[in-house]
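Presented below is the structure to which this report refers.
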Amino acid sequence: MHNFHNNIFQSQSEPGPSPGLRDNYGRQVTYLRLAITDRCNLRCRYCRPEAGVPFIPHEEILTLEELERLVTLFCNLGITKVRVTGGEPFTRRGCISFLVKLRRVNGLRSLHITTNGVKTARFLDNLKDIRIDGLNLSLDTLDSERFSRITRRNYLDSVLQTLHGSLSREIPLKINSVIQEDTCDEEITKLAALAKQFPITLRFIETMPFSGAKRSGIIVNGNLISRLHRIFPELEEAEDLSPTTARIFSHPGYRGKLGVIQGFSRQFCGTCNKVRITPAGMLKTCLYDNGVLDLKALVRSGADDQEISEAIVACVQNRFVNGHEAERSSYRSTEPSMADIGG
Ligand code: SAM
């Protein structure tokens, strides 16, 4: 225990790089995704059932102060990148001042946000001011009728305002587009044209089996990369050795890049550097597990920083080898929504 204590607090007692968080398969964990709310102003058909899901009572959601404390502890342990997500992060009051606080956390080198863009445009100056390292915008179609069918809301104009506002402020931007059973080649071509015109990465995402998404996903997903090669014969895979969930492709004449996120087929588990905290305060060391540590209960029990840190390290050292094993080991009576996980 003595060594363990020394190890996790080494960065405080001895200057120098933190030993970091390494899992039982040797994967360095450096990236934390923080879902700060389960609320969302869209009802995407692959994410939430039309009738919606009951919201988590407010008192069951981690407070922003609790979240900030946890981020500080995670960064002491070796996390260097944090992504704020949800639900829709901008539906939570205080989101921007929370980001300002995170920016000051020791050891946090890279701060990102994932948003649907509905309410984001008004905050772009703030995001620029805090030097946000990246904004991921979810956008599955450029057609307003189809947008309404997919999201069950009519907010495409607001999302496009966020897109163009981010570009004009030179906020580093990625667009995430979920490929669905009825996504046609023309749609893919129109979305890809954004990466032709602008210096952004447009990433196509396999539909994953979470609330609202059908299990038949594999039919849509299996051939996503070969489908892109067919539509864009000049596509070339860019070499990228950093741990990433996306495979990235360049195309002659494009200012930006295209990408594919194979979340359903789980091709990237071997280099997974990510853990998640859900809005209700569960730590997940895999997207497909059911939560491996109740951080909220621990924090609210009065545990001190050392106890919480030790519990986190123990979970990271007991990770599933991949998302298939995590899913097999985690019984689910109903599929959770990505909005409750922090997609
Ligand atoms: N509200 C924010 C947004 O829309 O970007 C953040 C949360 S949202 C759950 C994060 C991402 O998860 C979005 O890009 C969304 O499209 C994606 N997502 C949700 N359900 C999914 C599913 N079943 N399969 C694939 N991606 C999904």
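Summary of values
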item: Considering residues of the stretch 134-159 that are within 14 Å of the ligand (Cβ to nearest atom) and among the hydrophobic types (A, V, I, L, M, F, W, C) only, the residue nearest to L108 (Cα to Cα); result: L135
item: Lone qualifier among A303, A238 - being within 18 Å of T72 (Cα to Cα), of a type outside the set (V, I, T) and surrounded by fewer than 17 Cβ atoms within 10 Å (Cβ to Cβ); result: A303
item: In the stretch 167-199, residue nearest to R230 (Cα to Cα) [restricted to those that are touching an Asp or Glu at 6+ places or on another chain (Cβ under 9 Å) and hydroxyl-bearing (S, T, Y)]; result: T183
item: Subset tally (residues that are on the phi < 0 side of the Ramachandran plot and touching an Asp or Glu at 6+ places or on another chain (Cβ under 8 Å)) for the stretch 260-282; result: 10
item: Condition met for V105 (among the β-branched types (V, I, T) and closer than 24 Å to S337 by Cβ); result: no
item: Unique residue being within 16 Å of the ligand (Cβ to nearest atom) and either charged (D, E, K, R) or over 16 Å from the mean Cα position of the chain (by Cα) (or both) when the list is Q267, Q262, Q317, Q306; result: Q267
item: The stretch 102-115 - residue that is within 16 Å of the ligand (Cβ to nearest atom) and not β-branched (V, I, T) and, of those, farthest from C47 (Cα to Cα); result: L111
item: Test: residue in the stretch 116-133 that is surrounded by fewer than 21 Cβ atoms within 10 Å (Cβ to Cβ), within 16 Å of the ligand (Cβ to nearest atom), touching a residue at least 40 places away in the same chain (Cβ under 8 Å) and part of a strand (DSSP E or B); result: no
item: Exclusive hit being of a type in the set (D, E) and over 25 Å from T37 (Cα atoms), set E234, E327; result: E234
item: Near pairs, Cβ below 7 angstrom, 6+ apart or cross-chain, from the stretch 173-189 (closer than 17 Å to P209 by Cβ) to any residue that is more than 9 Å from the ligand (Cβ to nearest atom) and part of a helix (DSSP H, G or I); result: I179/V220; I179/L224; Q180/V220; E181/V220
item: Filter result (among the aliphatic types (A, V, I, L, M) and either in a loop (DSSP other than H, G, I, E, B) or away from the ligand (no atom under 16 Å from the Cβ) (or both)) within the stretch 242-257; result: I248
item: Check on L70, within 22 Å of M338 (Cβ to Cβ), more than 15 Å from the ligand (Cβ to nearest atom) and surrounded by 19 or more Cβ atoms within 10 Å (Cβ to Cβ); result: yes
item: Given (1) away from the ligand (no atom under 11 Å from the Cβ); (2) in a helix (DSSP H, G or I), number of the condition F90 does not satisfy; result: (1)
item: Residue pairs meeting the criteria (Cβ under 7 Å; at least 6 apart or on separate chains; first within 14 Å of L298 (Cα to Cα), in the stretch 58-86; second among the hydroxyl-bearing types (S, T, Y) and crowded, with 23+ Cβ neighbours inside 10 Å); result: I61/T37
item: Verdict on T162 being surrounded by 20 or more Cβ atoms within 10 Å (Cβ to Cβ), part of a helix (DSSP H, G or I), within 16 Å of the ligand (Cβ to nearest atom) and not charged (D, E, K, R); result: yes
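Bear in mind that the values in this text are calculations on the coordinates, not laboratory data. Bear in mind that the values here come from a model prediction, so they are computed numbers and not experimental data. Using ideal geometry, Cβ is built from the backbone for each residue, glycine included, and neighbour counts are taken over all protein chains shown.
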